[in-house]
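The values are calculated or read from the model by the stated rules, or taken from the named source; none is laboratory data. This structure is a prediction, so every number in the text was calculated from the model and none was measured. Glycine gets a Cβ as well: all are built from the backbone with ideal geometry, and neighbour counts include every protein chain shown.
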Amino acid sequence: MQAGSRESLAAVREDLAALLRQDGVDLPALADELFGVADLLDREKTLRRALTDPSRSADARAQLMRDVLGSQVSDMPVDLVVSAVRARWSRPLDLADAVELLAVETLVAGAEQAGRLDTVEDELFRAGRIIAGSPQLRQSLGDRTAPVQRRVELAEALFGGKVAEESLRLVRQAVTSPRGRSLDQSLETYAAVAAERRSRLVATVTAAVPLTEQQRDRLSAVLAGDYGHEVHLNVEVDPELIGGLRVEIGDEVIDGSVLARLADARRRLVG
């Protein structure tokens, strides 16, 4: 997002944060309604443009949104979305992205409330890796020429009863509304929202053999010291690394694997 959209997103997230601090909010229901609005904005290009048209007044945009949603959506999500519509967005799609983010944050807040936030974060990461590692599964779940219901049924057969209800809801969302992303990219995006909810960085660690709890704790402590934040580890095992670790945090890669050192040695010998 460009600067204007980032500022608007920060403002609507503050609105959501204030709402999430209230007692008695039905978070799963709120998330579902926000997902519905995000899907609407994603489908309706003309509406999206009208709602982000800077030549219209904020009041006119807000009224248009209220007219479109009518009584189909309850007051709480309508107020959030109207607040977003009143803001300025650099691109029409940024509005749809923002509403989807509000929905995901609401759902992971519900998981936190239920004591399942860590579980949901881990499950989303693992689900994304499972799908990314199976071309056939990725094709079947991401095939937009296949009926949506068939793809949802496949996702539920794979993950239903095996993951938390919030994780399954987000898998279904990724299947039904990819919004230009691959399925595994959507799940990684959702997992990052869950991680941010915990104010942690997420490190993808690839090791030649499984790490012990002591090794995980020690690595987490070292990374937390380096980055100034608690770091959550998603650990994968790849015997081809031979030994050592490969750590990815955002765009940064720390490759201390034996395989990387051998490749570096070969490069020096050749060049």
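Things worth noting here:
One line per residue, one yes/no per condition, for (1) acidic (Asp, Glu); (2) surrounded by fewer than 15 Cβ atoms within 10 Å (Cβ to Cβ); (3) in contact with a Lys or Arg (Cβ under 8 Å, 6 or more places away or on another chain); (4) closer than 26 Å to Asp94 by Cα:
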| site | (1), (2), (3), (4) |
| --- | --- |
| Phe159 | no, no, no, no |
| Glu188 | yes, no, no, yes |
| Val193 | no, no, no, yes |
| Thr204 | no, no, no, no |
| Arg246 | no, no, no, no |
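- Taken together, the residues in region 232-264 that are modelled with pLDDT under 80 and among the hydrophobic types (A, V, I, L, M, F, W, C) amount to 5.
- Residue list for region 1-51, filter: of a type in the set (Gly, Ala, Ser) and surrounded by fewer than 20 Cβ atoms within 10 Å (Cβ to Cβ): Ala3, Gly4, Ala10, Ala11, Ala17, Ala18, Gly24, Ala29, Gly36, Ala50
- Within region 1-31, being among the polar types (S, T, N, Q) and either closer than 11 Å to Asp94 by Cβ or under 19 Å from the mean Cα position of the chain (by Cα) (or both) holds for Gln2, Ser5, Ser8.
- Scanning region 216-234 for residues that are surrounded by fewer than 16 Cβ atoms within 10 Å (Cβ to Cβ) and either in contact with a Ser or Thr (Cβ under 8 Å, 6 or more places away or on another chain) or polar (S, T, N, Q) (or both) yields His229, Glu230.
- Within region 70-97, the only residue that satisfies the criterion of being closer than 25 Å to Asp26 by Cβ, aliphatic (A, V, I, L, M) and assigned to a loop (DSSP other than H, G, I, E, B) is Val73.
- Residue list for region 119-172, filter: in a loop (DSSP other than H, G, I, E, B) and in contact (Cβ under 8 Å) with a residue 24 or more places away in the chain: Arg144, Val163, Ala164
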